[in-house]
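Quick notes on the structure that follows.
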There are 2 protein chains.
Amino acid sequence: MPADHVNGRREVTVSDVAAAAKVSKATAARVLGGYGAASEAVRDRVQAAAEELGYRPNALAKTMTTGRSNSIGIIVGDIENPFFAQATRGAADVAKAAGYDLILLNSDEHADAEENAVSVLLAKRVDGILVAPASTTDPSALSAAVDSGRPLVLFDRTADGLDVDTVVADNRAGARRLTDLLLEAGHLRVAFVSTIAHDGDYRVGDRLGSSSVGDRVAGFVDSLVAAGIDDPARFVRLNARRDGVDTIVRRLVDEGITAIVASDSLIAQAAFRTLRELGIAIPDGISLVTFDDADWTSLSAPAITVMAQPIHAIGAEAARLLIRRIAGDGAPRENVVLPQRLIERESIAPPAH
Amino acid sequence: MPADHVNGRREVTVSDVAAAAKVSKATAARVLGGYGAASEAVRDRVQAAAEELGYRPNALAKTMTTGRSNSIGIIVGDIENPFFAQATRGAADVAKAAGYDLILLNSDEHADAEENAVSVLLAKRVDGILVAPASTTDPSALSAAVDSGRPLVLFDRTADGLDVDTVVADNRAGARRLTDLLLEAGHLRVAFVSTIAHDGDYRVGDRLGSSSVGDRVAGFVDSLVAAGIDDPARFVRLNARRDGVDTIVRRLVDEGITAIVASDSLIAQAAFRTLRELGIAIPDGISLVTFDDADWTSLSAPAITVMAQPIHAIGAEAARLLIRRIAGDGAPRENVVLPQRLIERESIAPPAH
DNA sequence: TTGAAAGCGCTAACAC
DNA sequence: GTGTTAGCGCTTTCAA
């Protein structure tokens, strides 16, 4: 039952229009497709016939012959995460302006889901793929995409060993600045908390599964080192997904930590709740800072000092790069690093003791 | 340059595999496509050849002959809006489980963008469309979708005159309950604020552009009427996008309103900020309630009493319905109404004086 | 179980 | 300016 749809109705094709307009298929296709030339009379006749019959182009057939689908795939961790939603919107706007649509897939940060997503997109012959790689250190799930020769652009995270364009925020500088702020306020015992999985305790130089978290940790360490603080690695607490942010924060409190750098606003949110339950005031009991200017950070009491990321721009820039590649730009790979922006609010105070 | 990609490499096809395995194209296609029968020996040979050559199926070609694309389109107002992001995730999960992918389009609540989105999706021959209609009262932008005969399911909002499945939340009951809470606390002057556009002042019975807002207003009015409050329409303030939530809230304060029902959490957020600027305490100066359990509503001081919606479920249920239709379910249209859930927090107190 | 051939709706040469 | 023809990569009769 090809071309028919479930309801049995058959779609109107170029041939139908051509017949109705009494011209050849090629001519009808030329005016309908807006390419080639045609006399005004013929053009009118064809358009009238198309209108009359309710002709709707079949983009798939076009793709079959041209090789271009005008759609690009985007693989995010989870579209429900505001970060990805904003980046996706940025990408969608740029894509739409250039005539592309987005096929959206969630990886949940799992390599196998990511690999599967790539397969699906390749099968649908997307013109290019945008992805926030689930793993920086082992991006093998993306190899099919690379092998396919189709343009691939990474955003938010880089991927080791892949020679592709990337767009990320300057997480290291951002983390450095955020931590500096805490140290300048007099803190000596400040912790960095992330949900990222990591075997054993963190040691300086360890590579993390996500370059953005890795860069944040590096910036955090930079700051402590510059301040002459001994053994900075002991202040880095990972595996918060496994262990629970709540548990980790309680432990930090017991250890006498006086300030916390949350690796993302979800962690900050959990920490905020735990501190409230513990009856510890922010910032007088403990100072708290985080990444991303999430809604709640300016509405909470106190409002949270954050390092905002140009999220929309990250997605938009990635899409721009991808589209340029699709158009055949053979320039060497580009690694765009966008600046973060500090928003100082009320969650930092000198340490208590 | 058909079938070649930008880089000039040609994709491996069924024919290539068939040749390598020394079988006919049909046979190779049968084993590769997992349909029809084949002897074990042949099957192995074909699979080995496919593996060897790096065969990747072309889903588009398959769609061309079968008429099924295994992709569904989803048109949302704005993916950056957490409501749509969550609903999209719900739909994506159900879709993925059934073997479908999502093509995502933003309408920005504009009819022309919506109409254009429908066109694109129809051209890409999606198997069905999910849409949160930009307009309940004039859904003509969706007529092409309806005419196409392809399944269409609406979520979050209904559309007048369209005989299609819909999935919405019980906004009227939710608004009624939320408003009742305020009246029970002793409020007599409570306002409802929405960004929806509307010509002139609201009058009871006016139809609004969005059924969800319309239902909320209706529930609000129900409550006031039940309490014997005169002329409830005067407490309904629309056009907040045009006039600014800030301006409207200030005016309400001047008018001596003692409680506000925000039509969504973005409005509540703006109102929260304005009241803070005005130095009016919540709930002692003014009580505030809203829809949607947004992050900030539980972290703000005070935490906001909200009517939560089963957002994920709305998207999931819509996708479920759509997929059932795609499978050929000819049952009469279904209008699913999902219950909302009250979360009482700290933003209601008896009126001041 | 396997193969040959036709066709999905379109574009792209190439001729006239 | 217009028509003819040959594909794109797959599935689907229909025979063998």
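The values are calculated or read from the model by the stated rules, or taken from the named source; none is laboratory data. Computed from a predicted model, the values in this text were never measured in an experiment. Note that each Cβ is placed from the backbone with ideal geometry, even for glycine, and that neighbours are counted across all protein chains shown.
Rundown of residues vs (1) surrounded by fewer than 18 Cβ atoms within 10 Å (Cβ to Cβ); (2) of a type in the set (F, W, Y); (3) within 14 Å of chain A (Cβ to nearest Cβ), yes/no style:
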position	(1), (2), (3)
B:V14	no, no, yes
B:A18	no, no, no
B:A21	no, no, no
B:S24	yes, no, no
B:R30	no, no, no
B:G36	yes, no, no
B:Q47	yes, no, no
B:Y55	no, yes, yes
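Could we say that B:A85 is more than 8 Å from chain A (Cβ to nearest Cβ), away from DNA strand D (no atom under 16 Å from the Cβ) and not charged (D, E, K, R) here? Considered against the rule, which asks whether it is more than 8 Å from chain A (Cβ to nearest Cβ), away from DNA strand D (no atom under 16 Å from the Cβ) and not charged (D, E, K, R), B:A85 comes out as no. Within region A:277-301, the set of residues being more than 16 Å from A:F83 (Cα to Cα) and either at the interface with another protein chain (Cβ under 9 Å from one of its Cβ atoms) or within 13 Å of the chain's Cα centre (by Cα) (or both) comprises A:S298, A:L299, A:S300, A:A301.
If we keep just the residues of region B:228-260 that are small (G, A, S) and in contact with a strand residue (DSSP E or B) (Cβ under 9 Å, 6 or more places away or on another chain), which is farthest from B:S347 (Cα to Cα)? Give the derivation first.
Here is the first cut: in region B:228-260, the residues small (G, A, S) are B:228, B:233, B:240, B:244, B:256, B:259.
From what is left, the residues that are in contact with a strand residue (DSSP E or B) (Cβ under 9 Å, 6 or more places away or on another chain) are B:240, B:259.
On the way: B:A240: 22, B:A259: 10 Å.
Restricting to residues being small (G, A, S) and in contact with a strand residue (DSSP E or B) (Cβ under 9 Å, 6 or more places away or on another chain), the top hit is B:A240.
Among the residues of region B:316-341, those that are under 19 Å from B:A132 (Cα atoms) and within 10 Å of chain A (Cβ to nearest Cβ) comprise B:R325, B:I326. When B:A159 is tested against (1) modelled with pLDDT under 95; (2) in contact with a helix residue (DSSP H, G or I) (Cβ under 6 Å, 6 or more places away or on another chain), just one condition goes unmet, and that condition is (1).
Which condition breaks for A:V120 when tested against (1) more than 9 Å from chain B (Cβ to nearest Cβ); (2) among the β-branched types (V, I, T); (3) assigned to a helix (DSSP H, G or I)? Answer for A:V120: the failing condition is (1).
Screening the candidates B:A61, B:A29, B:A37, B:A50 for the property of being within 11 Å of DNA strand D (Cβ to nearest atom), touching a helix residue (DSSP H, G or I) at 6+ places or on another chain (Cβ under 8 Å), without any contact (Cβ under 8 Å) to a residue 12 or more places away in the chain and closer than 28 Å to A:D127 by Cβ yields one hit, B:A61.
When B:P133 is tested against (1) within 14 Å of chain A (Cβ to nearest Cβ); (2) in a loop (DSSP other than H, G, I, E, B), only condition (1) is not met.
Yes or no, residue by residue, for (1) within 12 Å of DNA strand D (Cβ to nearest atom); (2) facing chain B (nearest Cβ under 8 Å); (3) not in a helix (DSSP H, G or I):
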| position | (1), (2), (3) |
| --- | --- |
| A:V42 | yes, no, no |
| A:T65 | yes, yes, no |
| A:R89 | no, yes, no |
| A:L102 | no, yes, yes |
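Is at least one residue of region B:44-54 in a loop (DSSP other than H, G, I, E, B) and either within 7 Å of DNA strand C (Cβ to nearest atom) or hydroxyl-bearing (S, T, Y) (or both)? Looking through region B:44-54, none of the residues is in a loop (DSSP other than H, G, I, E, B) and either within 7 Å of DNA strand C (Cβ to nearest atom) or hydroxyl-bearing (S, T, Y) (or both).
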